Structure formats: structure tokens, C-alpha cells
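Scroll down for the structure; my scribbles are underneath it.
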Amino acid sequence: MAKILIVEDSVFTRKLITMIVEDAGHEVVGFAGDGEQALKLFKSLRPELVLLDYLIPNKDGKAVLKEMILHDSSARVIMISGSGDHTLGERALQIGAKIFLEKTHLQRDILKAIDQVMEI
């Protein structure tokens, strides 16, 4: 099972994601509520997978994703957004996200996405 870093500023959504992934047997190794913290934890914890919210304080998800990929080109990142802007997904995938998920379908899609990314 995957060791996962969750980057999400909403406490409710963070708890929901944690419940979903831990119930499936994955291990949450850390939480970040903003972009700066996410990068520090990514470098220190070296997670196998990052679940990264697009809209977070201090550095948005796009900037964080770019830095993660520069630090580790094999980083596995699933970008998540609740904005409803489908162009965000296209940009995230171009930068290096493996999968882009809408928060509206999060509970249904997150475990399938984790399995897909971990097979890469």
C-alpha cells in the first residue's frame, strides 16, 4: 500500500480523504495545509504519492506541483480541485500530475486513481 502525503487546506476534506485512503489500507505519512509546508514535507518525508489540492494558500497547487517535479521527476502526484474549471486539470497534467480529480467525485474516484498511479 502507498505512503501518502495529503495537501489540503480544508480540515473537513483532509479528514474525508484520510478516512477513504486509510480504510483502503494506505498510510497517510503527513498533512500540509499550504504550499510551503507541502514542499517541506515532500522533501523530508519522501512520500510514494501526493494528493495535492489545486487551490491552497502561500503557493498554489500548480506552483507546488512544478517544484515537486523539479525536485523529483518521478514524483507521483494526484491533483485535486473543487473549482469546476476543467482547464486546471489539463494544466496540471501537462506539468506532471498523473491524474486530476474533481472534489465533487472524490469519494468515488480517489481509490481508483491511487491504484492507477501506484502501478506506474
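Every number here is computed from the coordinates shown, using simple stated rules; none is lab data. Being a predicted model, the structure only gives us computed values, none of them experimental. Here the Cβ positions follow ideal geometry from the backbone for every residue, glycine too, while neighbour counts run over all protein chains shown.
MET19 meets all of the listed conditions (1) in contact (Cβ under 8 Å) with a residue 24 or more places away in the chain; (2) closer than 15 Å to ILE110 by Cβ; (3) surrounded by fewer than 19 Cβ atoms within 10 Å (Cβ to Cβ); (4) among the aliphatic types (A, V, I, L, M) but one, namely (1). Of all residues in segment 1-16, those being small (Gly, Ala, Ser) and either free of Cβ contacts under 8 Å to residues at least 12 places away in the same chain or more than 16 Å from ILE80 (Cα to Cα) (or both) number 1. Among residues of segment 49-74 that are in contact (Cβ under 8 Å) with a residue 60 or more places away in the chain, those with a beta-carbon under 7 Å from a residue that is surrounded by fewer than 18 Cβ atoms within 10 Å (Cβ to Cβ) at least six positions away or on a different chain give the pairs LEU49/MET118. Exactly one residue out of MET79, MET118 is buried (at least 19 other Cβ atoms within 10 Å of the Cβ) and of a type outside the set (Ser, Thr, Tyr), and it is MET79. Take segment 75-120 and flag every residue that is among the charged types (D, E, K, R), touching a residue at least 24 places away in the same chain (Cβ under 8 Å) and closer than 19 Å to LYS3 by Cα. Within segment 75-120, ARG76 is the sole residue that qualifies.
If the condition is being part of a loop (DSSP other than H, G, I, E, B) and under 18 Å from ILE17 (Cα atoms), then segment 76-96 contributes ARG76, GLY82, SER83.
So that you can scan it fast, the table gives a plain yes or no per residue for (1) touching a Pro at 6+ places or on another chain (Cβ under 8 Å); (2) among the aliphatic types (A, V, I, L, M); (3) over 18 Å from ALA113 (Cβ atoms):
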| position | (1), (2), (3) |
| --- | --- |
| LYS43 | no, no, yes |
| ASP60 | no, no, yes |
| HIS86 | no, no, no |
| GLY89 | no, no, no |
| ALA92 | no, yes, no |
| ALA97 | no, yes, no |
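I'm trying to understand the selection: among the residues of segment 22-35, which are surrounded by fewer than 16 Cβ atoms within 10 Å (Cβ to Cβ) and in contact with a Gly (Cβ under 9 Å, 6 or more places away or on another chain)? Within segment 22-35, no residue meets the criteria. Number of residues in segment 1-20 that are under 18 Å from VAL117 (Cβ atoms) and more than 14 Å from the chain's Cα centre (by Cα) equals 1. Among the residues of segment 61-116, those that are of a type in the set (S, T, N, Q) and in contact with a strand residue (DSSP E or B) (Cβ under 7 Å, 6 or more places away or on another chain) comprise SER81, GLN116.
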